[in-house]
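**Student:** Structure in structure tokens, see below.
The values are calculated or read from the model by the stated rules, or taken from the named source; none is laboratory data. Everything numeric in this text was worked out from a predicted model, so none of it was measured. So basically every Cβ, Gly included, is an ideal-geometry build from the backbone, and we count neighbours across all protein chains shown. Just the protein is used for accessible areas: all its heavy atoms, side chains included, with ligands, DNA and RNA removed. Shrake-Rupley method; radii C 1.70, N 1.55, O 1.52, S 1.80 Å.
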Amino acid sequence: MQRYANVSEVPLALAVFLASDYYDHNDDPNTISTTALLKPLRQIILPSRLEEGEGLVNLADMVSSRMGSAIHDAIEKSWVTNYIKAMTSLGLPQKIIDQVRINPTKESLTDGIIPIYLEQRLTKKVGNWTVTGKFDFVGEGRVQDFKSTGVFTYKKQVNATKYTQQGSIYRWLDPELITQDEMDILYIFTDWKASQAKTDPKYPPQRFHKQSFPLLSVKETQSFIERKLALITQYWDAPEEEIPECSAEDLWRSEPQFKYYKNPEKTVRSTANFDSMSEAANRMATEGGKGFIKEVPGQVMACKYCPAFAACSQKDQLIANGDLLMG
């Protein structure tokens, strides 16, 4: 079955790589992944209503995803096949290296062993549902996730809540394996620039960065999962217009702008633009209160990458309002 559009735009040597998906998908309709649980309801439900041939993904848009998968695969391979040589080259004591075990069974754990777990698939039943999750890395009871992403994602912290929820679900799936109350996100930035790191105090100082996030308690996570599954069940067969709309966070909506116009008769170009109403109001005050301020809602981006795009009326309204630019 064809899954990608605009295939001819990509050279075949690269197209095969972009079209290759090694993720261990589960087609059971009552099985849901950790990643899916964190998506908005419309993105979970509406793709199942598309006819064959609808909602094809632009093949060129798979570059970031496939690069991220390749980095994950390389990290896993380095630990599974080369950790002894790598740790030796790092100058770690041989005594420590000898204690490391990769993905050990519970029966093989003995005193002094340092277990490292990679890409392990965990599952748990919740009513008629099966929840699954595959973490990237667990060491000393602490889950760590690798994210190859742009610097914007880190600076704006657009996924901070989801990172906490993701790590919390992993711990909920196996609280004996994941015992710590925090998780680490290990960013690998795809667009990092040394020049900006020297001048912007909020810019990550290196091409990689570790950030820790607190986890919800196992009880809180259980409640979150049960609520989300109940909503999915409630709206699965509901008319499209009744499914709750995606939030500003779901839509990756940028911050609004406040445009000050000194002369109410000249509105083609604003006098000045500001990130907050207070800044704009201060400017208007310095001009003797003349003119007016117009709030321009932030643009949304997530719809462009959503598998429910073809079936979603919310995106149609966003386009009509000028909040979603498709050009």
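**Student:** What number of residues within region 79-122 satisfy the criterion of being among the hydroxyl-bearing types (Ser, Thr, Tyr), over 14 Å from residue 139 (Cβ atoms) and at pLDDT 95 or above? Steps first, please.
**Tutor:** Within region 79-122, the first condition is being among the hydroxyl-bearing types (Ser, Thr, Tyr), and the residues that meet it are 81, 83, 88-89, 105, 108, 110, 117.
The next check asks that each one be over 14 Å from residue 139 (Cβ atoms); those that pass are 81, 88-89, 105, 108, 110.
Still in the running and at pLDDT 95 or above: 81, 88-89.
Total meeting the criteria: 3.
**Student:** Would you please name the residue that is least open to solvent (accessible area, probe 1.4 Å), looking only at residues in region 143-165 that are in a helix (DSSP H, G or I) and of a type in the set (Phe, Trp, Tyr)?
**Tutor:** Only one residue fits best here, namely 163.
**Student:** So the check is Cβ under 8 Å with 6+ separation or different chains; which pairs have a first residue in region 276-293 that's farther than 20 Å from residue 265 by Cβ and a second one that's of a type in the set (D, E, K, R) and open to solvent by 40 Å² or more (accessible area, probe 1.4 Å)?
**Tutor:** Between residues of region 276-293 that are farther than 20 Å from residue 265 by Cβ and residues that are of a type in the set (D, E, K, R) and open to solvent by 40 Å² or more (accessible area, probe 1.4 Å), the close pairs are 277/295.
**Student:** Across region 166-189, what is the number of residues that are more than 19 Å from residue 32 (Cα to Cα), of a type in the set (A, V, I, L, M, F, W, C) and open to solvent by less than 10 Å² (accessible area, probe 1.4 Å)?
**Tutor:** Selection size over region 166-189: 4.
**Student:** Only one of 276, 247, 254 is among the hydroxyl-bearing types (Ser, Thr, Tyr), closer than 25 Å to residue 324 by Cβ, under 32 Å from the mean Cα position of the chain (by Cα) and at pLDDT 90 or above; which?
**Tutor:** After ruling out the rest, the residue left standing is 247.
**Student:** With respect to residue 95, is the statement that it is free of Cβ contacts under 8 Å to residues at least 40 places away in the same chain, open to solvent by 60 Å² or more (accessible area, probe 1.4 Å) and under 26 Å from residue 31 (Cα atoms) true?
**Tutor:** No, not satisfied.
**Student:** While we're on this one: Being free of Cβ contacts under 8 Å to residues at least 60 places away in the same chain, part of a loop (DSSP other than H, G, I, E, B), closer than 30 Å to residue 96 by Cα and polar (S, T, N, Q), is that true of even one residue in region 188-209?
**Tutor:** Scanning region 188-209, I find at least one residue that is free of Cβ contacts under 8 Å to residues at least 60 places away in the same chain, part of a loop (DSSP other than H, G, I, E, B), closer than 30 Å to residue 96 by Cα and polar (S, T, N, Q), so the answer is yes.
**Student:** While we're here: Looking at region 31-142, what helices (runs of 4 or more DSSP H) fall wholly within it and have at least 2 residues that are within 25 Å of residue 301 (Cα to Cα)?
**Tutor:** The qualifying helices (runs of 4 or more DSSP H) are 34-37, 41-45, 63-89.
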